[in-house]
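Structure first, commentary second.
Since every read-out is calculated from the coordinates, none of them should be taken as a lab result. Not measured: the values here are computed from a predicted model. As a convention, Cβ positions derive from the backbone with ideal geometry for all residues, glycine included, and neighbour counts pool all protein chains shown.
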């Protein structure tokens, strides 16, 4: 299995890249419109996009562009294991509420491109390639991006109006009750709204309807348990309150593209679970 690579990928409107069992860092030098797991974003130039394993990206712009992409497997660099050094899990990756990209000033983006080039040069050293050096470079990119993303979110919180009450309350309620409560009506009732009115408000405030977030929250937990624990899939199904493991497997494959068994096999079980 490929654990680390750097490639140039051509993005065009007619083609949708197949999801892969790898983390991706995509360097956008130019602006673009994309969908990630059906959620739409406008990407500015000098931007990094962060994708977790099996996330689906669709390029929506008319002009074809070529982007540098860093691919890495969790066995090569585990973002959970290194969370003390780089707090990127839940910030750059695996957050269903915030945008998955970070924009940079041109000079800093150029510095990131230079680091990427040094990583590529290191990979070209067939006899003397050092994975430790590659991991160190990767950690620098993740650390700089995490810092920039944290600053962006802090400045955004200071300079704009906070998320309206319904959106904030829904996020809190969903994190507390997603295991047992999956109907829009439950969350609408908690906000003293009809299901239709609640759905409209959440889509306006958070960008997607509540049903999307309910599904993504369950999937996020399922992926965490598959990757970060050695819990049997049948037990994961029970923990996530599915009727049986077959129903869970169908739900997971429909939304991720692979079965829970294949996801665990290809994404792997994290070092933190061993």
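Taking other Cβ within 10 Å of each residue's Cβ, how do 152, 27 sort, fewest first?
Numbers: 152 15, 27 21.
The order, fewest Cβ neighbours first, is 152, 27.
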State the volume of the convex hull built on the alpha-carbon positions of the range 71-129, expressed per residue in Å³ and rounded to an integer. 119
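Semi-axes of the equivalent ellipsoid of the range 65-171: what are they in whole Å, largest first, if each equals the square root of 5 times a C-alpha gyration tensor eigenvalue? Mind showing how you got there, number by number?
On the way: eigenvalues 195, 54, 26 Å².
Values for the range 65-171, descending: 31, 16, 11 Å.
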Compute the semi-axes of the equivalent ellipsoid of the range 23-98, taking the square root of 5 times each eigenvalue of the Cα gyration tensor, and list them largest first in whole Å. 23, 13, 11
Helix 165-177 versus the longest principal axis of the chain: what is the Cα-based angle in degrees, 0 to 90, to the nearest 10? 90
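Fully extended, how many nm does the chain gain between residue 127 and residue 211 (0.36 nm per residue separation, minus their Cα-Cα distance)? Walk me through the numbers on the way to the answer.
Details: separation 84, 0.36 × 84 = 30.24 nm, distance 5.12 nm.
Difference between extended and current length: 25.1 nm.
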Treating the angle as unsigned and between 0 and 90°, give the value, to the nearest 10°, between the Cα long axis of helix 245-256 and the longest Cα principal axis of the chain. 60
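Can you tell me the FRET efficiency between residue 169 and residue 40 if r is taken as the Cβ-Cβ distance and R0 is 25 Å, rounded to the nearest 0.05? Walk me through the numbers on the way to the answer.
Working: r = 24 Å, r/R0 = 0.96.
It comes to 0.55.
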If you line up the long axis of helix 195-206 against the longest principal axis of the chain, both from Cα atoms, how many degrees apart are they, to the nearest 10? 20
Starting at 0 and stepping by 10 Å, how many percent of the alpha carbon pairs of the range 165-273 end up in each bin? 14, 42, 28, 15, 1
Going by how many other Cβ atoms sit within 10 Å of their own, how do 12, 191 line up, fewest first? 12, 191
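Taking a ≥ b ≥ c as the square roots of the eigenvalues of the Cα gyration tensor of the range 1-154, is the shape rounded (a/c under 1.5), prolate (a/b larger than b/c) or oblate? Before the final figure, lay out the partial values.
Working: a/c = 1.42, a/b = 1.24, b/c = 1.15.
The shape class here is rounded.
Quick one: 265, 91, 219, fewest Cβ neighbours within 10 Å first, how do they rank? Write down the numbers at each step before the final one.
Numbers: 265 14, 91 21, 219 18.
In order of increasing Cβ crowding within 10 Å: 265, 219, 91.
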For Rg and Dmax of the Cα atoms in Å, which listed value, (1) 19.1, 75; (2) 18.0, 54; (3) 19.4, 65, comes from the coordinates shown? (3)
What nm distance separates the two modelled labels at residue 204 and residue 15, each placed 7 Å from Cα along Cα→Cβ? 4.1
